[in-house]
Amino acid sequence: MQEMLTEAVRALKARTEAFLASRVLTSSDDWADSIVRALSMQAAADDVVRAVVQQARQNGATWQVIGDALGVSRQAAFQRYGKPIDPRTGEPMNTTPLPGVAELAASVIEDLASGQWARVTARFDPSMRDGLSEDALAAAWAQIVGMSGAFEGRGEPEVTRAGDVTITNTPLALEAGDYTVRIAFRDDRTIAGLHILQRQTP
């Protein structure tokens, strides 16, 4: 574990030095290259944090302690840095979210807001298709609009991997109410779950 941390720090140092050298030696302002190098440093810094978190866990630190240090909940810390074991196989679980899932969630929400029920249900996996018809989806959306008014906009989704699905939680604003649209996507990009949850305001 110490070797992993040492290697992560070494990689960060090398990328930082390369960034500084490129800024000194480049006569023109090649901001695209600078941004790419800065992102490389950011990824290397995250590798350092990941190695420290893993070392902390090996030495008995709880996820609560780690979450407090990161300024997030213990669950958020675990979701980002944990290594869950699949109880079905005993093997480490895939924790990488489905690529492009934020855009996928946005398109589903746009279809909901514009009344394109068939386009939403066409994305359902077989279980969802059996459990929620196009008419039932339209009725559920109509009920929400009836309680809180017209759709006004959406925020950026939070994305997490949970077992076999990637879950997006997207803030949704209606005229008189705030909601969260929670969508679970399978790796084949079909929808395994769709919930519209009212957010409690203080």
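At-a-glance table
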item: Residues being charged (D, E, K, R) and surrounded by 14 or more Cβ atoms within 10 Å (Cβ to Cβ) - total across region 160-186; result: 4
item: Some residue of region 187-198 being open to solvent by less than 60 Å² (accessible area, probe 1.4 Å) and among the acidic types (Asp, Glu); result: no
item: Single unsatisfied condition, GLN198 versus (1) over 15 Å from PHE124 (Cα atoms); (2) within 14 Å of the chain's Cα centre (by Cα); (3) of a type in the set (S, T, N, Q); result: (2)
item: Matching entry among ARG80, ARG88 (being in a helix (DSSP H, G or I), open to solvent by 20 Å² or more (accessible area, probe 1.4 Å) and basic (Lys, Arg)); result: ARG80
item: Count of residues meeting criterion [touching a helix residue (DSSP H, G or I) at 6+ places or on another chain (Cβ under 7 Å) and either without any contact (Cβ under 8 Å) to a residue 12 or more places away in the chain or open to solvent by less than 40 Å² (accessible area, probe 1.4 Å) (or both)] in region 111-123; result: 5
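Here is a yes/no grid of residues against (1) within 18 Å of ARG199 (Cα to Cα); (2) open to solvent by less than 30 Å² (accessible area, probe 1.4 Å); (3) free of Cβ contacts under 8 Å to residues at least 60 places away in the same chain:
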position: ILE109; (1), (2), (3): yes, yes, no
position: ASP125; (1), (2), (3): no, yes, no
position: GLU152; (1), (2), (3): yes, no, yes
position: GLU158; (1), (2), (3): yes, no, yes
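The values are calculated or read from the model by the stated rules, or taken from the named source; none is laboratory data. Keep in mind that what you see is a predicted model, and the values were worked out from it rather than measured. Every residue, glycine among them, receives a Cβ derived from its backbone with ideal geometry; neighbour counts consider all protein chains shown. These area figures cover heavy atoms from the full protein model, side chains too; ligands, DNA and RNA do not enter into them. Shrake-Rupley method; radii C 1.70, N 1.55, O 1.52, S 1.80 Å.
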